[in-house]
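The values are calculated or read from the model by the stated rules, or taken from the named source; none is laboratory data. Everything numeric in this text was worked out from a predicted model, so none of it was measured. Counting neighbours? That spans all protein chains shown, and the Cβs are built from the backbone with ideal geometry, glycine included.
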Amino acid sequence: MFLALMLPLVEAMLNVALFSLIGIVLFSLAFFIMGKVTPFSIRKEIEEDQNVALAVVIASVVVGIAMIVVAAMSG
């Protein structure tokens, strides 16, 4: 009886963990690709030169990937 009640919760927790892992991998991949495509150092531009426009572009990529992961989780 108790196990039957806990099964959906365990399944939901596994789904959240799986999609979180997929989201982190996709974010890392997108950031890696952006770093290879750009002819300059993204980290230097944002941290040292305080390039706000580049920070906005990186943030939009993060939000876009998050929206994809949420849509995949929703079904």
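Count of segment 11-30 residues, restricted to those that are touching a residue at least 12 places away in the same chain (Cβ under 8 Å), surrounded by fewer than 12 Cβ atoms within 10 Å (Cβ to Cβ) and hydrophobic (A, V, I, L, M, F, W, C), is 1.
Restricting segment 36-66 to residues that are touching a residue at least 12 places away in the same chain (Cβ under 8 Å) and within 14 Å of the chain's Cα centre (by Cα), the residue that is farthest from Leu21 (Cα to Cα) is Ile58. For segment 16-28, the criterion of a residue being modelled with pLDDT under 90, more than 16 Å from the chain's Cα centre (by Cα) and either hydroxyl-bearing (Ser, Thr, Tyr) or not in a helix (DSSP H, G or I) (or both) is satisfied by no position. Is there a residue in segment 31-39 that is part of a helix (DSSP H, G or I), surrounded by 12 or more Cβ atoms within 10 Å (Cβ to Cβ) and among the aliphatic types (A, V, I, L, M)? There is at least one residue in segment 31-39 that is part of a helix (DSSP H, G or I), surrounded by 12 or more Cβ atoms within 10 Å (Cβ to Cβ) and among the aliphatic types (A, V, I, L, M).
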